[in-house]
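Below: the structure, in structure tokens.
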Amino acid sequence: MCSSLAGPDCCGGLDNIDFRQADLCVMNWLLGYVDPSDPYFVAAVLTIAFNPLFWNVASLEGWKRAGGPWSCGRGFAEAELRTSCDHLEGARRVARWEQKTRKLSRAFGSPYLACYALGGAIVLLNVLRSHCFTQAMLSQPRMHSLDNPTAYLVGLALLAVGGVLVLSSFFALGFTGTFLGDYFGILKEARVTTFPFNILDNPMYWGSTANYLGWAVMHASPAGLGLTAVVALVYVIAILYEEPFTAEIYRRKSSQLRKRS
């Protein structure tokens, strides 16, 4: 249906688009509720993005203890990282340095103490993230269509579901299991498959996402909904970053147990 166009055909690229004709109503509506340049919003985005990056880079110090490959071309974990995290090359160099030197375990004198320290830092960072998230919501307009008792109850239900997933995950994994002890060579006998892991992969991440979603709905906050989407996206990236390592750790342990038997 492009015969009426003069000059380049319909596949001529963006030069054929008259952006003056674009309908900006949706964008204008969104920007009426969310100001991405607001300092609280920017701080929330930065803390959301930083947390998983920090604990994955920091915890890779223990990867050598678990016998995992890291140098180029030495296993599927590196291939997965190359695919999903090339844009984090600087962080990857830091992780290689820590993996080679094992600074955390040496500094604390024990992989358990290093894991506890990492876990404590993660908890504090999560408190900071939640604070920034809340401040970003409070600093921006509420959505009137969400500001009603029904929506509030829906948010409360999401908060309850998220709390169940997070707490049950913690009790199933324990402290070291929750805070990446397997990266320090602190392994369970086998990967946990009890509730909630028998109904959902990575339930702690999705429980946390549900918490933020419920909190945003309870506050009738479009900014909170946008930040929740950022939380979910960052967790997806973190899963891509973590899963190959965890799978390889337990594959190696299972292989060693079979050889011993």
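The values are calculated or read from the model by the stated rules, or taken from the named source; none is laboratory data. Since we're looking at a predicted model, the values are computed, not measured. Methodologically, a virtual Cβ is constructed for each residue, glycine included, from the backbone with ideal geometry; neighbour enumeration extends over all protein chains shown. When the accessible area is computed, the model is the full protein with side chains, heavy atoms only, and any ligands, DNA or RNA have been set aside. Shrake-Rupley method; radii C 1.70, N 1.55, O 1.52, S 1.80 Å.
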- Query: What figure in square angstrom, to the nearest 10, would you give for the accessible area of ILE199 with a 1.4 Å probe?
  - Reply: 110 Å²
- Relative packing of peptides 219-230, 33-44 - highest average C-beta neighbours within 10 Å first: 219-230, 33-44
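Can you give me the % of accessible surface on the stretch 115-184 that is carbon or sulfur? Probe 1.4 Å, all protein chains present, nothing else counted. It would help to have the intermediate numbers written out before the result.
Values: 2590 of 3410 Å².
Heavy-atom surface of the stretch 115-184 belonging to carbon and sulfur, 1.4 Å probe: 76 percent.
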- Rounded to the nearest 10 Å², what accessible area does LEU156 show when all protein chains are kept and the probe is 1.4 Å? 80 Å²
- Of LYS259, LYS188, which has the most accessible area with a 1.4 Å probe, and how do the rest follow in descending order? LYS259, LYS188
- Residues in the stretch 112-156, backbone N under 17 Å from the label point at ASP35 (7 Å along the Cα-to-beta-carbon vector): list them, ranges by number please. 133-143
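Express the accessible area of the stretch 153-207 per residue in Å², computed with a 1.4 Å probe while the remaining protein chains stay in the model. Each step should come with its number before you reach the end.
Working: 2850 Å² over 55 residues.
The answer is 52 Å² per residue.
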